[in-house]
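Heads up: the structure comes next, in structure tokens.
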Amino acid sequence: MRIDSHQHFWLYNQLEYDWIDDSMSLIRRDFLPQHLTAELHKVGFDGSIAVQARQSLEETEWLLSIADSYPIIKGVVGWVDLQSSTVLDQLKKYTAHPKFVGVRHVIQAESDDNFILSNSFNKGISLLKDFGLTYDLLVFPKHLPNTIKFVEKYPELTFVLDHIAKPHIKEGLLAPWKDDIAKLAKFPNVYCKVSGMVTEADWHNCKLPDFTPYLDVVFESFGSDRVMIGSDWPVCLIAGNYPQVVKIVMDYISNFSDTEKLKILGGNSITAYKLK
């Protein structure tokens, strides 16, 4: 299967999606599976991983409910309250659904840069491996040193780094992100999504050469066995249409072997998220 490893659905309202400011007015509307289906077909993809966009149990339940109706949704990375005394019950409930494959918390939005190392958060994280779940890392470059310390504590848990940690592509900055990515990639249980890059670049003027140095770092660090393609649809639409965004990675890997392409375009997603 060819799989988009990272996309979102939502029923737009201003209160819950207040991060969508005036500069992103294009995505101030509903985005649902019937809208994604046409986009997947344009690029020959079979399905996607739906990732939480709200930090609520309601979000997880909603994503799982629509996954029941749309076969294109191969897995759901939801949200549970990892700091709650009832997190074990939450995990038991949602893992009963075969498409619940992972958990994510929006670390990048936390005011405390050390949040990822807090005891309350880690208490919940320590339970994930017992349920066969993957954890998605949503961080900024400034969080990578702590992310490295965090990952080191859980050698038996599979991690997926979202959006290559959102480097400063628009400014053309590689350091210290480059070295931190190399350090993080040394842990064999960490995968990386080449997704969300266009929103870190110059939205209306970005071209493949803008992304090449960052893709070079990611592939040199993780190799073709631990990198997966993702769109970050519909957020990516502020910088380009779906085929244009996917084409960035497709063009970059055009000279890779067929075996490597199969891994990047779906195989690694199947492995990391244990898709059935």
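For this structure, a couple of remarks:
- Candidates Glu39, Glu58, filtered to the one that is touching a helix residue (DSSP H, G or I) at 6+ places or on another chain (Cβ under 9 Å) and not β-branched (Val, Ile, Thr): Glu39
- Leading residue by the ranking (surrounded by the fewest Cβ atoms within 10 Å (Cβ to Cβ)) among those in segment 220-268 that are within 17 Å of His163 (Cα to Cα) and basic (Lys, Arg): Lys247
- Glu156 meets the conditions (1) surrounded by 14 or more Cβ atoms within 10 Å (Cβ to Cβ); (2) closer than 20 Å to Asn268 by Cβ; (3) of a type in the set (D, E, K, R) in every case but one. The failed one is (1).
- Leu262 without any contact (Cβ under 8 Å) to a residue 24 or more places away in the chain and assigned to a helix (DSSP H, G or I): yes
- Qualifying residue in segment 45-55 (condition: part of a helix (DSSP H, G or I) and either at pLDDT below 95 or surrounded by fewer than 19 Cβ atoms within 10 Å (Cβ to Cβ) (or both)): no
- In segment 200-212, the residues that are surrounded by 15 or more Cβ atoms within 10 Å (Cβ to Cβ) and modelled with pLDDT of 95 or more: Glu200, Ala201, Asp210, Phe211
- Among residues of segment 118-166 being touching a residue at least 12 places away in the same chain (Cβ under 8 Å) and of a type in the set (Asp, Glu), the one that is nearest to Trp177 (Cα to Cα) is Asp162.
- Residue check, Gln34 more than 22 Å from Lys247 (Cβ to Cβ) and either assigned to a helix (DSSP H, G or I) or free of Cβ contacts under 8 Å to residues at least 24 places away in the same chain (or both): yes
- Residue in segment 118-142 that is surrounded by the fewest Cβ atoms within 10 Å (Cβ to Cβ), counting only those that are hydroxyl-bearing (Ser, Thr, Tyr) and farther than 24 Å from Ser195 by Cα: Ser120
- Residue in segment 13-30 that is touching a residue at least 12 places away in the same chain (Cβ under 8 Å), of a type in the set (D, E, K, R) and crowded, with 19+ Cβ neighbours inside 10 Å present: no
Table: residues versus (1) within 13 Å of Val76 (Cβ to Cβ); (2) β-branched (Val, Ile, Thr); (3) under 18 Å from the mean Cα position of the chain (by Cα).
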| residue | (1), (2), (3) |
| --- | --- |
| Trp10 | no, no, yes |
| Asp22 | no, no, no |
| Gln34 | no, no, no |
| Lys42 | no, no, no |
| Asp46 | no, no, yes |
| Ala53 | yes, no, yes |
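- Complete set of residues in segment 14-38 that are farther than 22 Å from Glu200 by Cα and not hydrophobic (A, V, I, L, M, F, W, C): Gln14, Glu16, Asp30, Pro33, Gln34, His35, Thr37
- Verdict on Lys149 being at negative phi and of a type in the set (Lys, Arg): yes
The values are calculated or read from the model by the stated rules, or taken from the named source; none is laboratory data. None of the values given here were measured: they were computed from a predicted structure. Note: ideal-geometry Cβ built from the backbone for every residue, glycine included; neighbour counts use all protein chains shown.
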